[in-house]
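The next block holds one structure in the form of structure tokens; read it before the comments.
The values are calculated or read from the model by the stated rules, or taken from the named source; none is laboratory data. Computed from a predicted model, the values in this text were never measured in an experiment. Heads up, the Cβs are rebuilt from the backbone with ideal geometry, glycines too, and the neighbour counts pull from every protein chain shown.
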Ligand SMILES: O=C(O)CCC(=O)C(=O)O
Ligand SMILES: [Fe+2]
């Protein structure tokens with residue numbers, strides 16, 4: 001019987017053919033559902049009443065079982081055994097009840113059961129046809145190359161040696177770019193490697209999504225896992241944990257790193273210790289990364305790669321622009337939904353994204369730093385095991401956006417300590433003291449924007465005012481685009 005190894009629902013992207021040899025076969029031999037069409041029988045025939053349920057539902061039901069029940073049901077037949085090998089089940093069990101001392105054993109199942117990976121039974125499930133079981137395996141093994149090479153010239157994120165603060169504020173605050181020079185002078189760029197970090201901080205715990213693991217354990221995980229969406233170390237407390245000094249080298253002689261001059265102005269610094277989280281250490285294996293999102297509180301960011309290049313794909317946002325292909329947002333933009341994993345997004349949406357106006361793409365290599373302007377969507381994937389530092393900041397060009405966010409999206413404001421009761425008020429007070437002119441300009445800009453919206457609302461409800469009519473030279477009913485109309 002021929003093998004249909006490419007899933008109909010996951011066709012190779014038009015710009016990137018996945019060769020069949022690139023993806024090894026599933027460890028239990030499970031095949032994509034399409035193969036069932038030509039099969040004379042299936043392991044699924046033996047699962048009794050479960051046959052009536054779609055695979056997704058079987059997996060959902062199994063999510064309610066504890067470890068020993070999963071082992072038990074897995075002994076009843078080969079098909080259910082294959083279902084109980086789904087790594088997401090064991091990852092959830094492990095993360096729900098963390099243990100203090102454990103050894104990473106290559107898979108979540110082996111780690112949870114504390115058994116050597118070699119003890120996991122290899123049972124032939126080659127007569128099971130299931131996209132639900134095959135998909136995560138497929139996504140964990142696609143080659144990234146087709147997606148991150150042959151970037152069309154019009155999409156290429158500009159690359160420059162360095163920028164002065166004046167150049168940045170005048171021309172670049174709204175544009176992504178890569179700087180190739182400043183990070184090369186950082187001691188952390190020169191001295192950090194996985195080896196040096198492990199020997200100095202191996203026992204120190206760092207946050208990786210929902211778990212806090214010693215760096216040594218995370219290193220073991222990085223070196224040996226087959227996760228579709230690898231656990232990503234993202235620690236906001238690394239500066240005190242690692243005892244680092246951060247600051248300009250002239251005033252901080254033992255500085256480990258410092259923001260490049262063009263990013264040095266950060267208006268959130270007026271909040272002192274009451275500012276929201278703003279610096280993170282990011283470590284992850286190849287294929288780890290960040291799904292599409294915009295950075296918090298309308299901040300801009302820089303992301304400096306110390307080891308292992310990152311591929312970035314970015315889109316501007318705005319009232320009249322849809323989110324990137326494959327990304328869905330709720331009306332108030334508070335909820336963002338996109339496909340399960342980065343690999344799944346690449347397989348299904350990358351080709352369309354590359355053709356979409358506004359798309360910017362690039363690779364930020366070791367010793368380089370990338371600028372994420374306020375409000376831009378971005379998806380990032382590590383092309384090799386990677387170490388990076390990121391910092392969020394408010395440049396003067398985006399003060400208005402930050403004030404607007406803090407005052408009008410108060411429910412989406414994030415990263416402040418719980419005892420900071422009114423971030424907007426604190427920020428305005430701090431700005432009034434330190435930069436009164438900048439604050440006045442930004443508030444005036446916001447006032448104008450809000451009057452424009454009010455006017456538009458009035459126009460919709462009451463028809464255009466005479467003044468507005470004469471300005472546009474005629475009557476229009478005004479329902480053409482109400483996407484940015486807010487009730488005053
Ligand atoms: O390096 C990455 O994965 C990107 C991080 C990022 O986008 C963020 O910190 O907001
Ligand atoms: Fe981000």
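Whether any residue in the range 324-342 is closer than 21 Å to residue 155 by Cα and more than 16 Å from ligand 1 (Cβ to nearest atom) is what I want to check. Looking through the range 324-342, at least one residue is closer than 21 Å to residue 155 by Cα and more than 16 Å from ligand 1 (Cβ to nearest atom).
Against the numbered list (1) within 16 Å of ligand 1 (Cβ to nearest atom); (2) over 30 Å from residue 192 (Cβ atoms), residue 410 comes up short only at (1). Filtered by the rule that a residue be under 21 Å from residue 140 (Cα atoms) and touching a helix residue (DSSP H, G or I) at 6+ places or on another chain (Cβ under 7 Å), the range 230-262 gives 231, 233. Applying the condition of being within 15 Å of ligand 2 (Cβ to nearest atom) and in a loop (DSSP other than H, G, I, E, B) to the range 375-421 and asking which residue is nearest to residue 276 (Cα to Cα) yields 415. Within the range 112-129, is even one residue assigned by TED's automatic domain parsing to the domain that holds residue 42, within 26 Å of the chain's Cα centre (by Cα) and surrounded by 14 or more Cβ atoms within 10 Å (Cβ to Cβ)? Taking every residue of the range 112-129 in turn, none turns out to be assigned by TED's automatic domain parsing to the domain that holds residue 42, within 26 Å of the chain's Cα centre (by Cα) and surrounded by 14 or more Cβ atoms within 10 Å (Cβ to Cβ). Among the residues of the range 218-237, the ones that are in a loop (DSSP other than H, G, I, E, B) and within 11 Å of ligand 1 (Cβ to nearest atom) come to 2 in all.
Comparison of 214, 230 shows that the only residue that is within 21 Å of residue 110 (Cβ to Cβ), without any contact (Cβ under 8 Å) to a residue 24 or more places away in the chain and away from ligand 2 (no atom under 16 Å from the Cβ) is 214.
Would you check if there is a residue in the range 89-96 being in contact with a strand residue (DSSP E or B) (Cβ under 7 Å, 6 or more places away or on another chain) and in a helix (DSSP H, G or I)? Yes - at least one qualifying residue is present in the range 89-96.
From the list 297, 348, 273, 303, the one residue that fits, being within 13 Å of ligand 1 (Cβ to nearest atom), in the same structural domain as residue 399 (by TED's automatic domain parsing) and assigned to a helix (DSSP H, G or I), is 297. Taking the range 217-229 as the range and being touching a helix residue (DSSP H, G or I) at 6+ places or on another chain (Cβ under 6 Å) and more than 21 Å from residue 26 (Cα to Cα) as the test, only 219 passes.
Scanning the range 250-263 for residues that are in contact (Cβ under 8 Å) with a residue 60 or more places away in the chain and either surrounded by 20 or more Cβ atoms within 10 Å (Cβ to Cβ) or part of a loop (DSSP other than H, G, I, E, B) (or both) yields 255, 256, 257, 258, 259, 260, 262, 263. Residue-level analysis places residue 215 outside the set of residues that are away from ligand 1 (no atom under 15 Å from the Cβ) and within 23 Å of residue 172 (Cα to Cα). In the set 83, 50, only one residue is within 13 Å of residue 130 (Cβ to Cβ), over 31 Å from the mean Cα position of the chain (by Cα) and assigned to a helix (DSSP H, G or I); that residue is 50.
Consider residue 267 carefully, then state whether it is in contact with a strand residue (DSSP E or B) (Cβ under 7 Å, 6 or more places away or on another chain) and away from ligand 2 (no atom under 16 Å from the Cβ). In short, no. Return yes when residue 243 is more than 16 Å from ligand 2 (Cβ to nearest atom), surrounded by fewer than 21 Cβ atoms within 10 Å (Cβ to Cβ) and more than 30 Å from residue 399 (Cβ to Cβ) and no when it is not. So residue 243 fits the description; yes. Looking across the range 199-229 at every residue that is in contact with a strand residue (DSSP E or B) (Cβ under 6 Å, 6 or more places away or on another chain) and under 23 Å from residue 303 (Cα atoms), the one that is surrounded by the most Cβ atoms within 10 Å (Cβ to Cβ) is identified as 218. The lone criterion from (1) modelled with pLDDT of 95 or more; (2) farther than 30 Å from residue 224 by Cβ; (3) more than 15 Å from ligand 1 (Cβ to nearest atom) left unmet by residue 393 is number (3). In the range 364-374, the residue that is farthest from the chain's Cα centre (by Cα) out of those that are within 16 Å of ligand 2 (Cβ to nearest atom) and in a strand (DSSP E or B) is 369. How many residues does the range 310-323 contain that are more than 11 Å from ligand 1 (Cβ to nearest atom) and either under 12 Å from the mean Cα position of the chain (by Cα) or surrounded by fewer than 21 Cβ atoms within 10 Å (Cβ to Cβ) (or both)? Of the residues in that region, 9 qualify. Of the residues that make up the range 289-299, is at least one away from ligand 2 (no atom under 16 Å from the Cβ) and either within 30 Å of residue 191 (Cβ to Cβ) or surrounded by fewer than 21 Cβ atoms within 10 Å (Cβ to Cβ) (or both)? Among the residues of the range 289-299, not one is away from ligand 2 (no atom under 16 Å from the Cβ) and either within 30 Å of residue 191 (Cβ to Cβ) or surrounded by fewer than 21 Cβ atoms within 10 Å (Cβ to Cβ) (or both), which makes the answer no.
Checked against (1) surrounded by fewer than 21 Cβ atoms within 10 Å (Cβ to Cβ); (2) more than 27 Å from residue 262 (Cβ to Cβ), residue 353 meets all criteria but (1).
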